[in-house]
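Undergrad: My structure is below; once you've seen it, I'll send some questions.
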Amino acid sequence: MSEELILVQNLIHEIRGKRVMLDFDLARLYQVKTGELNQAVKRNLKRFPPDFMFQLSAEEVRDMMSQFVISSKRKNSAPPFAFTEQGIAMLSGVLRSDIAIEANIAIMRAFVQVREYLLTASSVSSELKELRSKVDLLALQREEDLGAVNDLSEDVRQDIDNLYMANIED
């Protein structure tokens, strides 16, 4: 995996249950100012419905600041916009520079890698759950087997005692 891909993957966040990238990170990748990116978006708002782009709430900004995702220097600026994968795809039609095209390709690859990782992790997680239930079942079976062996041992001990006592009486 290339360094560029890893860099982009580290800029993907989960907010409101969606994987998104923030406007200032996208601007940096596209090598434009955040204001320029947002201005281009505002001129083309029809391309960015709420499921493609949304502005973070004050609480979300505070949460992101506490995680050091957003610099505390941004306190007086407007909350950033978050772009979903579809919103980022729309950005390629709004920002038409060669740098924007290359950045968009890298971003799309990063989203694909994240999705593939999550599918693999989900598959591994379900396999682990299945293995855990089998181990639990085996442990339960072992307990039952040990109980049966103990009962059998007790019965055998009782039979031996009875034989011993019968031999003493003879």
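Undergrad: Just want to confirm a number: the relative contact order over the chain, from Cα pairs under 8 angstrom separated by 6+ residues, in percent.
TA: RCO, the chain: 25 percent.
Undergrad: Let's test the formula: R0 of 45 Å, r as the Cβ-Cβ distance of Arg115 and Glu36. What FRET efficiency results, to the nearest 0.05?
TA: After rounding to 0.05, the efficiency reads 0.95.
Undergrad: Follow-up. Work out the P(r) tail for the chain: percent of alpha carbon pairs separated by more than 30 Å, whole number.
TA: On the way: 6330 of 14365 pairs.
Of all Cα-Cα distances in the chain, 44 percent exceed 30 Å.
Undergrad: Show the residues, 5+ positions off or on another chain, whose built amide H is closer than 5 Å to the amide H of Met53.
TA: Amide H neighbours of Met53, under 5 Å, 5+ apart: Thr84.
Undergrad: Starting from the 7 Å offset along Cα-to-Cβ, what nm value, one decimal, do you get for the label separation of Ile6 and Ile168?
TA: Between Ile6 and Ile168, the simple spin-label model gives 7.8 nm.
Undergrad: Enumerate the helices in the chain for which the Kyte-Doolittle hydropathy averages -1.0 or more and the C-alpha atoms extend at least 27 Å along the helix's axis, using complete DSSP H runs.
TA: Within the chain the helices that satisfy the rule are 98-169.
Undergrad: Arrange the peptides 142-150, 31-39, 94-102 so that the one whose residues have, on average, the most other Cβ atoms within 10 Å appears first.
TA: In descending order of packing, they fall as 31-39, 94-102, 142-150.
Undergrad: Rounded to the nearest 0.05, what FRET efficiency is calculated for Asp159 and Arg132 with R0 set to 45 Å and r the Cβ-Cβ distance?
TA: For R0 = 45 Å, the calculated efficiency reads 0.65.
Undergrad: If you count, for each residue, the other Cβ atoms within 10 Å and average over each peptide, how do 42-50, 16-24, 77-85 line up from highest to lowest? Before the final figure, lay out each step's value.
TA: Values: 42-50: 11.8, 16-24: 18.1, 77-85: 20.0.
Per-residue mean Cβ counts within 10 Å order the peptides as 77-85, 16-24, 42-50.
Undergrad: Something else now. Which percent of Cα pairs goes in each bin when the distances of segment 100-163 are cut into 10 angstrom slices starting at zero?
TA: Computed distribution, short to long bins: 18, 19, 15, 14, 12, 9, 7, 5, 2, 0.
Readers should treat all values here as calculations from the given coordinates under stated rules, not as data from a laboratory. A quick note: this is a predicted structure, and the numbers were derived from the prediction, not measured. Please note: Cβ atoms are built from the backbone with ideal geometry, for glycine as well, and neighbour counts cover all protein chains shown.
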